[in-house]
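The values are calculated or read from the model by the stated rules, or taken from the named source; none is laboratory data. Just so we're clear, the structure is a prediction, and the values are computed from it rather than from any experiment. Here Cβ is always computed from backbone atoms with ideal geometry, including for glycine, and neighbour counts include all displayed protein chains.
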Amino acid sequence: MPKVAITELSPKDLKDVLAEWGEPEYRSKQILDWVYCKPISDFSAMSNLPPKLRERLDSEFTFQSLTPITEVTSRDGNTTKALFRLSDGRTIESVLMFYDKRRTVCVSSQVGCGFGCPLCATGTSGFERNLTPAEITDQVLFFCRRLKASGESVSNVVFMGMGEPLVNFEAVWQAIENFTAPNLLGLGARHVTISTIGIPPGIKKLGKKNLQVGLAVSLHAPNNELRNSLVPPNRMYPLEVLIPAC
């Protein structure tokens, strides 16, 4: 069987696995600290774990749910786009942006997108599949490790990459919990923003959550007639339905 990405496990899932292995509960905190706070990319570097536990983790889990293929950096050095290959061979993109003191990662939530908005390159490529929580989380951890080398850290995360995050809600929300949990990445909820073309059921679901993450709605047009041509879902969720949901 292929290895499971360690970031696919919630803290509770990890505790359950370690309990099955007969490990004390505090091992979970140690492992999560290495994965999210250090962060590292090799189980052998977890120096406060017994060698046998490190070996077992390495035999059953992997740090990487995605593999970097190539990167392109802007001339001013303030933006770096990374192309990743997933375990099934599909590819996604993420972007690291420098602005003043902010270090923002723009993440993808799907491979492709099914809405076909003509103004979006991703939309014209069609939908392939949703990303898993690990595939979303690992985009950010990749840049966390990159910034660590220069003594910096990720300060913000925006869901503005490939895909519509509100139709992959559960995976997106688990990733957000990874980003905001104090014992994981520890970002403030208001440092995370979900960008959507306007999916009212997802917006309402987001409003019921207990974290005040940001919401950015891409309107693109002041009326339904024009928006119908630019954002096809507007035919299902016109402005008079979308705006009250926000």
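Which members of the range 120-148 meet the condition of being surrounded by fewer than 16 Cβ atoms within 10 Å (Cβ to Cβ) and over 19 Å from residue 196 (Cα atoms)?
145, 148
Going through 155, 195 one at a time, which residue ends up being small (Gly, Ala, Ser), modelled with pLDDT of 95 or more and within 30 Å of residue 124 (Cα to Cα)?
195
Which one of these is in a helix (DSSP H, G or I), under 21 Å from residue 143 (Cβ atoms) and in contact with a Pro (Cβ under 9 Å, 6 or more places away or on another chain): 32, 83?
So the residue among 32, 83 that is in a helix (DSSP H, G or I), under 21 Å from residue 143 (Cβ atoms) and in contact with a Pro (Cβ under 9 Å, 6 or more places away or on another chain) is 32.
Could you count how many residues in the range 206-228 are surrounded by 14 or more Cβ atoms within 10 Å (Cβ to Cβ), under 21 Å from residue 119 (Cβ atoms) and touching a residue at least 40 places away in the same chain (Cβ under 8 Å)?
Total satisfying the criteria: 1.
Show the residue pairs that are 6+ apart or on different chains and have beta-carbon atoms under 8 Å apart, the first residue being within the range 4-25 and without any contact (Cβ under 8 Å) to a residue 24 or more places away in the chain, the second being of a type in the set (Gly, Ala, Ser).
Final answer for the pair search is 14/28; 15/28; 18/28; 25/19.
In the list 72, 35, which residue meets the criterion of being out of contact with any Asp or Glu (no Cβ under 6 Å at 6 or more places or on another chain) and surrounded by 12 or more Cβ atoms within 10 Å (Cβ to Cβ)?
35 is the lone residue from the list that is out of contact with any Asp or Glu (no Cβ under 6 Å at 6 or more places or on another chain) and surrounded by 12 or more Cβ atoms within 10 Å (Cβ to Cβ).
Being touching a residue at least 12 places away in the same chain (Cβ under 8 Å), within 30 Å of residue 232 (Cα to Cα) and within 18 Å of the chain's Cα centre (by Cα) narrows it down to one of 91, 80, so name that one.
The match here is 91.
Looking at 114, 151, which one is of a type outside the set (A, V, I, L, M), in contact (Cβ under 8 Å) with a residue 12 or more places away in the chain, surrounded by fewer than 20 Cβ atoms within 10 Å (Cβ to Cβ) and assigned to a loop (DSSP other than H, G, I, E, B)?
114
Quick check on the range 52-72. Is at least one of its residues in a strand (DSSP E or B) and more than 25 Å from residue 130 (Cβ to Cβ)?
yes
When you scan the range 196-246, how many residues do you find that are in contact with a helix residue (DSSP H, G or I) (Cβ under 7 Å, 6 or more places away or on another chain) and among the small types (Gly, Ala, Ser)?
So the count comes out to 5.
Which ones in the range 13-25 are in a helix (DSSP H, G or I) and farther than 19 Å from residue 65 by Cβ?
Hits for the range 13-25 are 15, 16, 18, 19, 20.
Just to be sure I understand, how many residues within the range 154-205 are part of a loop (DSSP other than H, G, I, E, B), on the phi < 0 side of the Ramachandran plot and buried (at least 18 other Cβ atoms within 10 Å of the Cβ)?
11
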